[in-house]
Amino acid sequence: MTVLAAHHLTIGYGDKMVASDLSLGCAAGTVTCLLGPNGVGKTTLFKTLLGLLPALDGNVAVGGDDLATLTRREIARRIAYVPQAHLTEFAYTVIDLVVMGRTAYLGAFGKPRPIDYDKALAALDMLGIADLAEREITRISGGQRQLAFIARALAQESRIIFMDEPTASLDLGNRVRVLRTVRTLAQEGLAIVLSTHEPEHAFEIADRVAVLGHGSRFVTGEVQAVLTADVLSGLYGVPLCVERTPSGRHVVGST
Amino acid sequence: MKRPPLRTATVFGALTLAVAVLMLIAATIGPYRVPPLTVLKALGERLAGAGGHGAVETVLFNIRLPRIVAAALVGAALAAAGAAYQSLFRNPLVSPDILGVSTGAGLGAVTGILLGMPVMMIQLFGFAGGLAIVSMVMALSRALRSSGDILVLVLAGIVVGALAGAGISLVKVLADPYDQLPAITFWLLGSLAGVKAGDVMATLPAVAVGVAPLILLRWRIGVLSLGDDEARALGIEVARLRVIVIAGATLATASVVAISGVIGWVGLMVPHMARLMVGPRFDRQLPAAILIGAAFMIVVDTLARSAAAIEIPLGVLTAIIGGPMFVWLLAHSRRIAAP
């Protein structure tokens, strides 16, 4: 079931067009990887799909409604955003950060109720980091911090989660942990869209990929059909090959 | 699960009690000594609608209490505005001066003094000056960059604040050096020496209108500290909330600057003290900052009027206390901000 669909999007800032005629669909229970070299407008596309930037043309439909007609609160109940794990300016505890995911369910003058804390804690529990609840977000590891941001998205109870390079600047162990979490969440029925600079991650966890190249070249489809050596070489401007190991893994490297 | 309401409630109870006790102590201090019990008795009689009109009552109700309440009001308003600006700008080193509010209010007020206006008009001028500067800052930042870039906003605040500062210097040059200039200088350093009950009553509603939205929206203002994109993705109409916070904090600042003159440091330092006590969550930090700000200014103003033979300007005292304390906070606290 398609939960998010972009139709002939033109993206950009103000009067500056970045890419045009982008169409994309994301289904519940799947992981979609967004790939592309630096500077082609991946972030712009990401922000447009999230409703943080208005589409210059075309539209994004979420559950049948045009994103442009929804309030921020309505969007937040349908789409959650996991930023690259960063240090917050103020040293919030993990539970305080995660419970902020409940904001879209609170009244204008409201603050979190016990049920919101329960949901936040359940989200931490699901990711196996409930014991970090009272720790300061600035004093846990990068991988734990990334999981905390994912927990916040889960507390938001939206069916679509966008993740901006969730494995960037993580060590190998944490990278594996985060990717496994992403896969599990998709199995739970969530639609996940994540941007990454690692084509191998797409092979590992994605059902579909969306590849944005220079000059608005935009290809979407099944991972193995789209991510061929030719496409990747053209995309990143260096000769690349894709090899399949005996165990069924895909390895991308230079030729 | 464990939530810390007990600890937070204890802190708030203790702070409220501290403000009340400090008010009582401050009321006893001065050239005319009034013992604590006499203060309480006079207060009780006044509240019951009775009471005499002797020297004690005159000193308490016409001079000392209006000044004490004004000090509490000034401290609370500056601290609330500072805490709100820090969350809004995601920067623990920001204070109400950042948007040129204080300087703008200063320019308005000294212009009023130069024109020989009555006190009420001087306050109105100060208030209008503060609001005018903030409107200019916001218009300028909007013209330079479309969607409220924080850095552009802060830089616009510095530019417009510098212009207002130049305006103040010009007014000082033009002012009568024997009559107006001392008044202007003293006012720019901050003082509550001339405050009357009527001034407090006139300022109270403006401060309340400014601080109320900050208190009501405190949870959302805290979420705003995560940054625009994250706050919006969490369901907050960022542009609208930002306008409300800036308008409220500015109104609170400009209204107290109009009765107290320019007092620095409070809006910067007190929010840090609050964060040390109750943690960084804005919904807990704001009420703590309001109470600490009130207590702090009561102490400072009592020192200002009783520590020396002459009135010490408040701005001088807050700088002397605030500077070292801020350095200490920076050195000893890891909870102020991310390490």
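Laboratory data are not the source of any read-out in this text; all were calculated from the coordinates shown. Since we're looking at a predicted model, the values are computed, not measured. Virtual Cβ from ideal backbone geometry, glycine too; neighbours counted across all protein chains shown.
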Pairwise label distance in nanometres, B:L330 with A:C241, each label 7 Å out on the Cα-Cβ vector: 5.7
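What net charge is computed for the residues neighbouring B:V39, neighbours being all others with C-beta under 12 Å from the C-beta of B:V39, Lys and Arg scored +1, Asp and Glu -1?
Details: positive: B:R33, B:K41, B:R46, B:R64; negative: B:E45, B:E57.
Within the 12 Å Cβ shell, the charges total +2.
Fewest first, what order do A:D125, A:D96 take by the number of other Cβ atoms within 10 Å?
On the way: A:D125 13, A:D96 24.
So the ranking, lowest neighbour count to highest, is A:D125, A:D96.
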Pairs of Cα atoms under 8 Å, at least six residues apart: use those to get the relative contact order of region B:212-339, whole percent. 26
Cut-off 18 Å, label point 7 angstrom out along Cα-to-Cβ of A:H214: give me the residues of region A:33-48 whose amide nitrogen falls inside. A:35-43
Considering only B:F326, B:A233, B:Q180, whose Cα is most displaced toward the positive end of the charge dipole of region B:58-332, charges sitting on Cβ of Lys, Arg (+1) and Asp, Glu (-1)? B:A233
Mind putting a number on the dipole of region B:58-332 about its Cα centre? Charges go on the C-beta only, +1 for Lys and Arg and -1 for Asp and Glu, and I need it in Debye to the nearest 20. 440
Starting from the Cα of A:K42, draw a straight line to each of the aspartates and glutamates and keep only those under 13 Å, dropping any in the same chain fewer than 8 residues away. A:D164, A:E165
Aspartates and glutamates whose Cα lies under 14 Å from that of A:K119, excluding same-chain neighbours fewer than 8 positions away: A:D96, A:E157
Region B:152-175 scanned against label point 7 Å out from B:A239 along Cα→C-beta; backbone N under 11 Å for none
Choose one of A:F162, A:P199, A:F218: the residue whose Cα lies farthest towards the positive end of the charge dipole of region A:108-255 (beta-carbon charges +1 Lys, Arg; -1 Asp, Glu; about the Cα centre). A:F162
For chain B: rounded, prolate or oblate by the Cα gyration tensor [a/c cutoff 1.5]: oblate
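Given Cα pairs under 8 Å that are at least 6 residues apart, what percent is the relative contact order of chain B? Show your work: numbers first, answer last.
Values: 506 pairs, mean separation 97.9, N = 339.
Reported relative contact order: 29 percent.
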When the Kirkwood radius is taken over all Cα pairs of region B:124-191, what Stokes-Einstein diffusion coefficient follows at 20 °C and 1.002 mPa s, in µm²/s? 159
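Would you kindly work out the equivalent ellipsoid of chain A from its C-alpha gyration tensor and give its semi-axes, the square roots of five times the eigenvalues, largest first in whole Å? Intermediate results must be reported in sequence, preceding the final value.
Working: eigenvalues 182, 109, 48 Å².
Square roots of five times the eigenvalues give 30, 23, 16 Å.
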Distance from the Cα centre of region B:54-123 to that of region A:76-94, in angstrom? 36
Given q = 0.19, 0.22 Å⁻¹, what are the Debye log10 I(q)/I(0) values for region B:217-339, with equal point scatterers placed on the Cα positions and solvent ignored? -1.15, -1.32
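Using a 10 Å cut-off around each Cβ, can you sort B:F125, A:F109 from fewest to most neighbouring Cβ atoms?
Details: B:F125 22, A:F109 12.
Arranged by neighbour count, lowest to highest, B:F125, A:F109 become A:F109, B:F125.
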Per 10 Å bin, what is the whole-percent P(r) computed from every C-alpha pair distance within the protein assembly as shown? 3, 15, 23, 21, 16, 11, 7, 3, 1, 0, 0
Partners for A:K47 among lysines (Cα-Cα distance below 20 Å; same-chain residues under 8 apart left out): A:K16
Under a 10 Å cutoff between Cα atoms, tell me which one of A:A151, A:A225, A:A186 has the largest fluctuation in the Gaussian network model of chain A. A:A225
Can you give the average number of partner chain beta-carbon atoms within 10 Å of each beta-carbon in peptide B:225-232, as a whole number? 6
222 nm mean residue ellipticity, helices alone, for the protein assembly as shown (DSSP H n ≥ 4; -39,500 (n - 2.57); rounded to 500): -18000 deg cm²/dmol
Once both label points are put 7 Å beyond Cα along the C-beta direction, the B:A20-B:R7 separation in nm becomes 2.5
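On average over all directions, what projected area in square nanometres does region A:88-234 have, based on the convex hull of its Cα atoms? Don't skip to the answer; put the middle values down first.
Working: hull surface 42.5 nm².
Spelled out: convex hull of the Cα atoms, projected over all directions, averaged, 10.6 nm².
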Taking a crude spin-label model, label points 7 Å out from Cα along the C-beta direction, the A:S23 to B:S135 distance in nm is 5.0
Between rounded, prolate and oblate, where does region B:230-285 land on the alpha carbon gyration tensor, with a ≥ b ≥ c its root eigenvalues, rounded for a/c under 1.5, else prolate if a/b exceeds b/c? oblate
Exactly which trypsin sites (Lys or Arg not before Pro) in region A:175-255 are in a DSSP loop and have at most 16 other Cβ atoms within 10 Å? A:R217, A:R249
